[in-house]
Amino acid sequence: MKRHIDFAPMSRRSFLRWSALVGSSAVAVKGASASKRLFVPASAEIPVGGSSTERMIRVGCPSHNCGGRCLLRVTVKDGVIVRIDGDDRPYDGVDDPQLRPCIRGRAYRRRQYHPDRLKYPLRRIGKRGEGKFERVSWDETLDLMASELRRIRDAYGNEALYVPYGTGSYNQTNGRQTAQRLLNLFGGCLGFYNSYSWACISAATPYVYGTSVTGNQRQDWLNSRYILMWGWNPAEMRDGTNTEYILRKAREKGARTVCIDPRMTLSAVSLADEWIPIRPGTDAAMMSAMAHVMIEENLVDAAFIKTHCVGFDAETLPEGAEGAESYKDYILGTRDGVPKTPDWAEPLTGIPRATIARIAREYATIKPGVLYQGYGMQRRAYGEQVVRAGCVLAAITGNVGISGGWASGIALQAPDGGPFWLVFPTGRNPVRAMIPSYLWTEAVLRGKGMGPEDGLRGAERLETDIKLIYAVASNAIVNQHGNVNRTAEILKDESRVEFLAVQDNFLTPTARFADLVLPVCTQFETWGLEDGWKYGDEVILMPRIVDPPFETKSDYAICAGIAERLGFGEAYTEGRTEKDWIRWSLDYYRKTRFPGLPSLEEFEEKNLGVYSVPVTKPAVAFEAFRKDPVKHPLPTPSGKIEIFSKRLHDMNQPDEIPAVPKYIQEWESPFGPEAEKYPLSAVGHHYLSRVHSTMENLDWLEEAFPQRLFINPLDAAPRKISNGDPVRVYNDRGAVVLPCRITPRIMPGVVAIPQGAWWTPGPDGVDRRGSVNVLSSERWTPLAFGNAQHTIMVQVEKAEKT
């Protein structure tokens with residue numbers, strides 16, 4: 001039997017209470033620009049706690065895609081969140097630690113009650129991108145969505161419909177998966193694969209190991225004696241709640257930790273014994289030089305290589321590749337005449353040769369050891385190479401398949417790959433064609449005709465361009481995609497994308513280009529469920545703890561409403577409300593990973609918040625393979641660790657996709673001719689004040705971590721730049737102006753702009769907020785077709801104060 005989905009507007013009592021919080025009743029202004037604040041003034045009085053009528057609910061943090069999944073204690077008074085605290089469970093051992101939130105979760109009230117939250121559906125009345133809208137009713141909104149979906153499908157086919165990549169919501173009933181289910185029931189839409197986070201590391205790791213499950217459970221780090229944190233900054237992006245806590249425990253047991261990163265990050269400061277600054281894009285050069293030291297000094301694990309690896313030398317090349325260049329050939333320069341020595345790597349990496357050699361000896365001899373690869377270094381021009389190079393170092397040192405070791409690569413946790421993230425069923429997409437997520441602008445401009453050479457999967461050729469985009473919880477269309485100015489010009493042309501709908505909490509830079517804006521409630525205002533992010537063995541309930549304000553709805557409710565108008569409402573909901581789907585999701589987890597998982601009723605009655613399974617004996621990836629590679633082969637073509645990949649060899653693209661991992665100079669580089677005009681490498685790192693572009697507008701976090709350019713004193717001085725000066729950062733793709741911070745905590749020749757700031761162009765087209773994607777490129781990597789948004793060369797100059 002079909003159950004009721006709550007489309008009713010909020011009660012008058014709730015409306016008045018919420019309006020009092022934001023300091024004004026809400027009024028939509030027809031034709032007003034976003035810059036004039038469409039709805040409410042900026043002042044928001046947030047009450048503080050202290051009443052016997054308060055109730056505390058344990059709830060999963062609406063963490064979006066921060067890298068963690070934490071537990072909050074949220075205090076609610078009279079329907080308003082008045083306080084947020086962290087996990088208070090009494091047990092806090094390393095086998096089952098508290099899920100402690102960071103400042104983003106603790107500051108969430110500022111987002112929950114932000115005066116700029118969207119409150120009503122909006123329809124565009126100006127030119128696309130101008131940000132001019134008028135308020136419309138939900139009936140008009142849902143009718144328009146249904147009619148546009150039908151119109152585009154009938155004119156171009158289902159391949160013309162697209163629900164893009166987006167990570168703005170992840171609680172089962174809020175998030176893009178709800179729209180994917182809708183369109184799958186509508187006959188399908190153009191699909192995508194990989195992501196802006198892990199494109200290269202996801203693609204490259206299986207070429208070495210045949211799987212992405214290459215990580216031990218984190219508690220095993222306590223058995224390590226040496227940990228290389230390579231481009232890895234869990235203190236800011238977490239990479240699994242409590243990662244930094246477990247690293248501290250490993251250090252307490254005596255593990256030496258070394259951080260290799262262009263920036264002295266918070267992780268380098270708080271978790272490492274040593275910081276080694278490295279020039280961006282040269283990590284594979286340092287890894288190659290380390291291998292040279294290991295080979296020359298007989299520090300490799302020859303026995304393990306012989307029995308478990310292929311392609312290290314001529315004797316272990318796979319069948320059909322006889323006579324090809326082996327890994328040892330490349331490292332020693334047998335074919336190209338260039339031995340990859342520390343002397344060779346020093347001018348590339350900026351790291352003294354003695355330091356490279358010392359780190360090589362330490363990693364090869366202080367066993368067992370971890371070489372953990374961060375993700376920033378694989379969002380680069382040849383990001384696939386550094387992933388494979390790190391895996392090979394782990395293999396030739398024999399750190400694979402042992403307690404305290406680490407196989408590197410993407411390292412999903414053993415034995416089963418770890419958390420599911422999403423279990424909400426999207427169904428089968430009848431359209432089998434999929435593009436790489438980063439090539440969606442190509443599918444807009446020249447989709448018809450795109451083929452495998454563009455990374456297309458599931459079809460020989462696309463039959464149409466993308467004509468309708470339904471962006472749910474996604475700011476990746478404009479703000480998070482490379483080369484913002486190019487993307488904006490593409491979207492302004494209404495003959496290309498004929499209809500753009502955006503479903504979000506705020507009028508983001510992407511939403512400003514929408515033809516229709518659909519306001520969504522937060523994850524505190526609907527039912528949800530989450531599990532550990534990349535690591536962890538827990539399930540966290542996210543009950544609806546306050547009412548959706550104004551006319552906001554959950555993503556699920558909105559999609560259910562569209563489905564009703566399209567004639568398959570019952571098929572979409574299966575008679576379930578948001579809460580019913582969470583009960584369904586708990587049943588799914590109980591059947592698959594956690595047999596002892598409590599019922600929804602027990603979660604609620606006892607205010608549990610979280611169910612967790614202690615890790616008393618951490619699983620070790622490839623343990624069985626290590627013991628017997630014949631009986632337990634890897635799922636690679638050879639059954640062994642593929643230092644040399646026959647599959648890559650057969651692609652016959654050795655300059656960009658070599659069979660063994662190599663350092664390749666990037667297409668924008670300090671060593672290329674472009675450096676004469678743009679001499680500084682720029683990186684767009686994650687920042688503790690945001691989750692990508694989410695939480696961009698929180699004043700508390702901005703005060704603690706302001707948006708600014710980080711530049712070394714040696715680069716600031718010749719430009720006559722003083723600390724705090726506004727600076728203009730530019731290249732051929734655009735320019736941004738933002739304040740600067742002069743600090744020795746970044747390598748000379750490198751500048752850093754925290755990624756995620758909202759693109760805010762002035763009349764001259766110059767971004768005044770500091771969106772790094774004004775400067776990044778839309779060009780993709782050769783093997784994974786992934787984003788290379790960290791490969792940027794720029795110039796910096798002092799700007800006029802305004």
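Go through the residues of the range 437-449 one by one and say whether even a single one is in a loop (DSSP other than H, G, I, E, B), among the charged types (D, E, K, R) and touching a residue at least 40 places away in the same chain (Cβ under 8 Å).
No - not one qualifying residue is present in the range 437-449.
Against the conditions (1) under 28 Å from LEU634 (Cβ atoms); (2) of a type in the set (D, E, K, R); (3) in contact with a helix residue (DSSP H, G or I) (Cβ under 8 Å, 6 or more places away or on another chain), where does ASP336 fall short? Just the number, please.
Exception for ASP336: condition (1).
Would you confirm, using the coordinates I've provided, whether ASP139 is in a helix (DSSP H, G or I), out of contact with any Asp or Glu (no Cβ under 9 Å at 6 or more places or on another chain) and in contact (Cβ under 8 Å) with a residue 60 or more places away in the chain?
No.
Which residues, counting only those in the range 166-195, are at pLDDT 95 or above, open to solvent by 20 Å² or more (accessible area, probe 1.4 Å) and either on the phi < 0 side of the Ramachandran plot or not in a loop (DSSP other than H, G, I, E, B) (or both)?
ARG176, GLN180, LEU185, PHE192, TYR193, SER195
Report, by residue number, each residue of the range 683-742 that is touching a helix residue (DSSP H, G or I) at 6+ places or on another chain (Cβ under 8 Å), part of a helix (DSSP H, G or I) and not hydrophobic (A, V, I, L, M, F, W, C).
Matches in the range 683-742: ASP699 only.
In the range 178-185, is there at least one residue being more than 18 Å from PHE568 (Cα to Cα) and touching a residue at least 60 places away in the same chain (Cβ under 8 Å)?
For the range 178-185, residues more than 18 Å from PHE568 (Cα to Cα) and touching a residue at least 60 places away in the same chain (Cβ under 8 Å): absent.
Kindly evaluate TYR556 against the criterion of being in contact with an Asp or Glu (Cβ under 7 Å, 6 or more places away or on another chain) and aromatic (Phe, Trp, Tyr).
yes
Listed residues ARG496, ARG486, ARG544; which is of a type in the set (Lys, Arg), out of contact with any Leu (no Cβ under 6 Å at 6 or more places or on another chain), at pLDDT 95 or above and within 18 Å of TRP758 (Cβ to Cβ)?
That would be ARG486, the only listed residue that is of a type in the set (Lys, Arg), out of contact with any Leu (no Cβ under 6 Å at 6 or more places or on another chain), at pLDDT 95 or above and within 18 Å of TRP758 (Cβ to Cβ).
Hey, which of the helices (runs of 4 or more DSSP H) in the range 208-281, taking only ones fully inside, have at least 1 residues that are open to solvent by 30 Å² or more (accessible area, probe 1.4 Å), among the aromatic types (Phe, Trp, Tyr) and out of contact with any strand residue (DSSP E or B) (no Cβ under 7 Å at 6 or more places or on another chain)?
By residue number, 243-252.
Which of the residues belonging to the range 147-165 are outside any helix (DSSP H, G or I), open to solvent by less than 10 Å² (accessible area, probe 1.4 Å) and either within 21 Å of THR552 (Cα to Cα) or not aromatic (Phe, Trp, Tyr) (or both)?
LEU161, VAL163, PRO164
Can you tell me which residue within the range 400-431, out of those that are of a type in the set (A, V, I, L, M) and touching a helix residue (DSSP H, G or I) at 6+ places or on another chain (Cβ under 6 Å), is most open to solvent (accessible area, probe 1.4 Å)?
In this case the residue turns out to be LEU422.
The rows are residues; the columns are (1) in a loop (DSSP other than H, G, I, E, B); (2) under 30 Å from LEU142 (Cα atoms).
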{"site": "THR53", "(1), (2)": "yes, no"}
{"site": "CYS66", "(1), (2)": "yes, no"}
{"site": "ARG73", "(1), (2)": "no, no"}
{"site": "ASP95", "(1), (2)": "yes, no"}
{"site": "PRO101", "(1), (2)": "yes, no"}
{"site": "ARG128", "(1), (2)": "yes, yes"}
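State yes or no: is LEU144 over 30 Å from GLY458 (Cα atoms), out of contact with any Gly (no Cβ under 7 Å at 6 or more places or on another chain), among the aliphatic types (A, V, I, L, M) and assigned to a helix (DSSP H, G or I)?
In short, yes.
The values are calculated or read from the model by the stated rules, or taken from the named source; none is laboratory data. For clarity, every value in this text was computed on a predicted model and none was experimentally measured. Reconstructed Cβ throughout: ideal geometry from the backbone, glycine too, with neighbour counts over all protein chains shown. Heavy atoms of the whole protein, side chains included, go into the accessibility calculation; ligands, DNA and RNA do not. Shrake-Rupley method; radii C 1.70, N 1.55, O 1.52, S 1.80 Å.
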